[in-house]
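Readers should treat all values here as calculations from the given coordinates under stated rules, not as data from a laboratory. None of these values were measured; they are calculated from a predicted model. For neighbour counting, all protein chains shown are included, and Cβ atoms are generated from backbone atoms with ideal geometry for every residue, glycine included.
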Amino acid sequence: MDGVTAIRINPEARSVLADYDGRPEVRSSIIARLAGLSPWTYVRTGQAEPRHRPDPSRLLAASLSLMTIPLLPMPLKAAVGLVTISPSLYKGVATLLTRGIKVEVLDALAVGVAAAQGAFFTAGATHLLIETGEYLEARAEYQAHGLLKQLLQRPPEPCWIERDGRLVRADARDVRENDRIVAGAGDPIPVDGDVVQGSALVDQSSLTGESVPVRREPGDTVLAGAIVVEGRLVVRALRVGEDTATARLGRVIEESLRQPAESQRLAERLGDQLVYLTFALGGLMFALTRDPRRVASVFLVDYSCALKLGTPLAFIAGLHRAASAGLVFKGAQSLERLAEADTAVFDKTGTLTRSRLEITGIVSLTPERSDDELLALVASVEEHSRHPFADAVMGHASRRRYRHVDHGDVEYVVAHGLNTRIGGKRVQIGSRHYLEAHEGIDFGGQESTIEPLIDAGNALLYVAEDACLVGLIALRDELREEAWVTLTRLKGSGIEHVVMLTGDTLRQAEALASRLPIDAVYAELTPEDKARRIEVLKSTGANIMFIGDGVNDAGALVCAQVGIAMTDGTLLCREAADVLMLREGLEGLTIARDIAFETRRVIDSNFAIDLAVNSALLVGATLGWLPPIASALLHNGTTLAILARSLPRSPRLRCESHQPLPRRDKIASSWDSVVKRAS
């Protein structure tokens, strides 16, 4: 921030110290910035993002000490052995005093028992295996976080800016709103902005996952992080620095790594409970056998490492695959809830449709004027309007190369229509209410023509000439080409009900729904009605995923178990959603659903593998079949294998037939019963 010269953070004292230039406005800005941070900014969970690359120095020191122990006389052997295992002993004592009986306490007891028996080489080897396991676990976690954050790296800093009629090479951090950025082939785009000049192919794969560059021309929008592949663009900066989409998505990912899912909490709780089981079993073995080696072998078998580390890594892998496919989940909870969803609720306009009207029919009601002549008349008048109807008419007429019709001054009646004079006749164009109630035009003889068009889901634009209805134009929202396939695949993936909510009339809504595999339609809804309808569906036990794009969808997005915002959704909509789709279209829904299932499968199978393998090791250690070194080696090997299968990878994603996964609270109760029986 301007005016801030240094920042010092002391996590242990929970304090932040800021040095600034003394201006009151800078102090106010600092306080406002801190006040605007998410509550999660201040929370350090057990699986916080690693800040530094794992340090192998302790691992190397333990290895060198272990090699020297056999060569030393007994007094030195004891001294070097105790120094070697001291990190494990210290960690165990500190953990016991601060957090109670955890896996670190069991490890300390295991190496301590071996050292107390004079088996310093065994104690050192056990410590080395523990350090190796911790180092590899930390490295795996660091790698997972790094891969995820690489997807949204900030672009290189230098860029070209137009200033005073010439190009200036400047730092991207110096770019201000409304500056004009020039980007040629190979140049990154450092800002969110509008293209004002030029044409180029732009690679935005780091943002949307699209493997093929897209064309951008004047009037199009580009995002920070995209790279010009071919051509040249002049971009007017709209959002710069920390306000760009890339920076905001980076903050979303940062926060998502701090928010544990229910599966993660369950894994930590189960791991902590099973530590007591291992501790109790080791104590029982010592009471029965008085064999310290057998007790050490038992203490070195632990369930919690794989459970506590494998689960968050699996979620990070899921977030990584999602980001690669142009999907940003605001936390692991969103990924988990999407897998549990059994009901999909869609907004209509802008979600199932493109928010782009298409002309479906032109009907001239007088033999003196053909349909093309009616279209030319309406287009010539509508070119003075910015209404969506006018855009659709103008686009359609331009494609049919219409001939402009001369007319007089155009009067615009707000929310109703237009009127003008053509060839001495007064022409009115607009809604039925406008023509019927305000202009006194009779529609009685044309109901047989109008009703079928309305029943087919069309909106109608009416044309009158000298108080007589002379034609109408039918328009309809353009249905997304992929909508039918996407909804069908969602149903195949375990979605039991597909519902559509809209503010349109019931006839328009039902006409659209008839073209899609939709089970229920609720029409003529206000934004508050949409949110209430979501609550009603939730009260029936449905787990809801809601997909929307507009300001009027924000309430429903918040109410649903998981809200999904379309790529061109409004800012409020995207802020309210749990999942952001960065790619155009609905295909991302099936990919997101598949990623959620894959992540849950990995987590559930990790649970099963960890319990099965470590239970077998525990039995072997209890019966005296495994010495401490073998016990530590096999346990750490199992943990690393589970971490390896949890790391980010790039599988083929298919939205196949899935059953809705059970709620985690049900699984939690099942695990609790397993732990009680095992205890």
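Annotations
- Cα centroid separation, the stretch 1-16 to the stretch 471-540 (Å): 50
- For the stretch 631-643, the Karplus equation 6.51 cos²θ - 1.76 cosθ + 1.60, evaluated at θ = phi - 60°, returns couplings of 4, 5, 5, 5, 5, 5, x, 5, 4, 5, 5, 5, 5 Hz by residue, with Gly and Pro reported as x.
- Summing charges over neighbours of GLN508, with a neighbour being any other residue whose Cβ is under 13 Å away from its Cβ, gives -1 when K and R count +1 and D and E count -1.
- Taking a sphere under 9 Å around the Cβ of THR353 and counting the other residues whose Cβ falls inside, with K and R at +1 and D and E at -1, yields a net charge of +3.
- Ranking of ARG176, ARG476, ARG645 by count of other Cβ atoms within 10 Å, fewest first: ARG176, ARG645, ARG476
- Compared with the direct C-alpha span, the chain from ASP19 to ASP194 gains 59.3 nm at full extension, assuming 0.36 nm per residue.
- For ASN543, the residues 5 or more places off, or on other chains, whose built amide H falls under 5 Å of its own are ASP342, THR343.
- Exceeding the 29 Å Cα-Cα cut-off - candidates LYS348/LYS425; LYS330/LYS491; LYS330/LYS538: LYS348/LYS425
- J(HN,Hα) series, the stretch 368-384, from Karplus relation 6.51 cos²θ - 1.76 cosθ + 1.60, nearest Hz, glycine and proline x: 6, 10, 6, 4, 5, 5, 5, 4, 5, 5, 5, 5, 5, 8, 5, 5, 8
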